[in-house]
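For reference, the structure discussed in these notes is given below.
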Amino acid sequence: MNDCLDLAGQLMMVRLFGAELDADTDAFLRAHKVRGACLFRQNMVDASQLSRFTAGLKDAMGPQALIALDQEGGAVVRSTWVPAPPSAMALGAAGDESLAREVGAAVARAVRALGFNWNFAPVLDLNNNPHNPVIAERSFGAEPSTATRLALAWMAGSESEGVACCVKHFPGHGDTHVDSHRDLPTVDKPLEELQRFEFAPFRMAAASAPAMMTAHIVYPALDPVYPATMSRPILTGILREQFGYQGVIITDGMDMHAIAHRYGAGEAAVNALVAGADMVMAIGSRETQVETVHAIAEAIRSGVLPMSEVEARLARLNALADRHPAGPAAYAVEHEDRALMARAWRAGLTALKQPQRPPRGSKVRLVARADVVSDGVSEAGVPAASIAAALGRLYEVELVTFADADSFAWDALPQDGRFTILASTARKRYGPHARATWRPDLHVALWNPYQALDFDTPALLTYGFAPPAVDAVVAWLAGEIDAPGRCPVPGFGA
């Protein structure tokens, strides 16, 4: 059984608790031969702490350790002090493959310097659903070939700097109304439509992507019972056999409600491995991690997971780790990468309906949500006071904040001739109350671009709220730059 436990641990990626590798966690990793760890914002303080943490993990997990994070760009980043990459849709709006490659390489340089060798990016989901609650600007766009070319250019940049990518979320999370972190979505489309749209990026990426992440979504046309993460017809039948994919398949987090509210942790892990996954992301509690490793070990011992399949999975994981050794590495070009990221954010800046610039020194009323906390997927948004300070470089700013757009008295805002700017800093779209009762002079959509569709007014889209995105807005307002981007999803006119 001990041999089976050792094998099981090598098929797992775990979440860690705290910002240091404590003795108990170190012992757990070594005892179970766990070789994968995914770090989140709560594990990170600064560069020196994080480099120390990842070095400890590599020592505990061995030279073939896989140390991962989600550093997509835009709102989904974990290391927030490194140069801030634009979101995928900002790069989609720029439409420049060379720029996408440069950004992918810069992201890799930053995370490799911190000790990571695996980045769960880029997103290959095609976002054609304006009400998608979790993808939106994380997608490069809606047109399969264009979005995939940009994503694969980003991936090639990362590969050139020694960091493995993991494209996600196979076979496609773009057309959902439900966030799989909170419930189990269904994409009920005929096979022909899935092949033409959702499948297309993953089919194009199959020859080059070092890893793919599964989606916790049911596709009735493919498997009416199991979500893709646990579906052998999808992971083995389509991805391995039809697409000929030879890289690593890893599940999305098995603690997400789409899975954890329906299956036991051990049962779900075994189902995913039997379906064709190579690694299970067991990022729940230590209790569920222990349950997972023992369930996988029992599946190996009993033959539910045949030894030949275990060996094939280990070979793929070993190859991934050997090609991309964990760091840390020197980071000598941080200043240059910050300039690159600023240029990339500006390249994606998009203007809708011919917005006008109020003259410098004007009296401006800024309306914004007071603060935006993390939703568990994305990082915390930019506080209203920070936007007011940025606009204060140009204008006399009166700041009006709201806590809840659905209950705020939009019609009570003064009609006194001040140029009014709405800055949208959340992902959630506006409801009928706001849309029916108010109209700003300029809408600056600093996160979800689809919010620009909620008001019939001129808009600027940044596709993200990082400091260089806000700086790009200020530069446009000052007349220093144009807004050359073109929104890469349907519904946005010029």
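The values are calculated or read from the model by the stated rules, or taken from the named source; none is laboratory data. Treat the numbers as computed from the prediction; the structure is a model and nothing was measured. Please note: Cβ atoms are built from the backbone with ideal geometry, for glycine as well, and neighbour counts cover all protein chains shown.
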## Note on the structure
Of the residues in segment 292-326, those that are of a type in the set (Ser, Thr, Tyr) and under 11 Å from Val270 (Cβ atoms) number 2
#### Entry: Qualifying residue in segment 407-425 (condition: within 30 Å of Gly92 (Cβ to Cβ), assigned by TED's automatic domain parsing to the domain that holds Arg360 and acidic (Asp, Glu))
no
### Task
Go through segment 262-276 and give me each residue that's of a type outside the set (D, E, K, R), in a loop (DSSP other than H, G, I, E, B) and either in contact with a Leu (Cβ under 8 Å, 6 or more places away or on another chain) or crowded, with 18+ Cβ neighbours inside 10 Å (or both).
Tyr263, Gly276
#### Entry: Residues of segment 277-306 that turn out to be among the small types (Gly, Ala, Ser), out of contact with any strand residue (DSSP E or B) (no Cβ under 6 Å at 6 or more places or on another chain) and in a loop (DSSP other than H, G, I, E, B), as a count
3
### Query
Which of the following residues is over 30 Å from Gln10 (Cβ atoms) and surrounded by 16 or more Cβ atoms within 10 Å (Cβ to Cβ): Ala351, Ala380?
Ala351
## Note on the structure
Residue set Glu379, Glu311, Glu336, Glu298; condition at pLDDT below 95 and more than 30 Å from Gln415 (Cα to Cα); output residue Glu379
## Note on the structure
Trp118 passes all but one of the listed conditions (1) crowded, with 22+ Cβ neighbours inside 10 Å; (2) modelled with pLDDT under 95; the exception is number (2)
### Message
Checking the condition at positive phi and in contact (Cβ under 8 Å) with a residue 24 or more places away in the chain, which residue from Gly431, Gly376 passes?
### Response
Gly376
#### Entry: Which numbered condition Val293 fails, given (1) of a type in the set (A, V, I, L, M, F, W, C); (2) under 16 Å from Gly247 (Cα atoms); (3) crowded, with 18+ Cβ neighbours inside 10 Å
(2)
#### Entry: Condition met for Gln64 (in contact (Cβ under 8 Å) with a residue 60 or more places away in the chain, assigned to a loop (DSSP other than H, G, I, E, B) and within 29 Å of Arg313 (Cβ to Cβ))
yes
### Summary
Taking segment 461-486 and keeping only residues that are surrounded by fewer than 24 Cβ atoms within 10 Å (Cβ to Cβ), within 23 Å of the chain's Cα centre (by Cα) and farther than 18 Å from Ala389 by Cβ, one is left with Arg486
## Note on the structure
Counted residues in segment 212-261 being among the polar types (S, T, N, Q) and part of a strand (DSSP E or B) come to 1
## Note on the structure
When (1) under 18 Å from Val473 (Cα atoms); (2) in contact with a helix residue (DSSP H, G or I) (Cβ under 6 Å, 6 or more places away or on another chain) are applied to Ala326, the one that fails is (1)
### Message
When you check Leu99 against the structure, is it assigned to a helix (DSSP H, G or I), crowded, with 24+ Cβ neighbours inside 10 Å and touching a Leu at 6+ places or on another chain (Cβ under 9 Å), yes or no?
### Response
no
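Could we say that Ala452 is in the same structural domain as Val364 (by TED's automatic domain parsing), out of contact with any Cys (no Cβ under 8 Å at 6 or more places or on another chain), small (Gly, Ala, Ser) and in contact (Cβ under 8 Å) with a residue 24 or more places away in the chain here?
In short, yes.
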### Query
So which residues in segment 17-34 are in contact (Cβ under 8 Å) with a residue 40 or more places away in the chain, surrounded by 15 or more Cβ atoms within 10 Å (Cβ to Cβ) and under 23 Å from the mean Cα position of the chain (by Cα), if there are any at all?
none
### Query
What number of residues within segment 354-370 are surrounded by fewer than 16 Cβ atoms within 10 Å (Cβ to Cβ) and within 13 Å of Leu399 (Cα to Cα)?
2
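If you check Tyr245 against the conditions, is it of a type in the set (Phe, Trp, Tyr) and either closer than 18 Å to Met12 by Cα or not assigned by TED's automatic domain parsing to the domain that holds Ala105 (or both)? Full working, then the answer.
Values: of a type in the set (Phe, Trp, Tyr): yes; either closer than 18 Å to Met12 by Cα or not assigned by TED's automatic domain parsing to the domain that holds Ala105 (or both): no.
For Tyr245, the condition - of a type in the set (Phe, Trp, Tyr) and either closer than 18 Å to Met12 by Cα or not assigned by TED's automatic domain parsing to the domain that holds Ala105 (or both) - is not met.
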### Query
Looking at (1) part of a strand (DSSP E or B); (2) over 19 Å from the mean Cα position of the chain (by Cα), which is the only condition Ala37 fails?
(2)
### Query
Looking at Val134, Val111, Val45, which is the one that is within 26 Å of Asp375 (Cα to Cα) and not in a loop (DSSP other than H, G, I, E, B)?
Val111
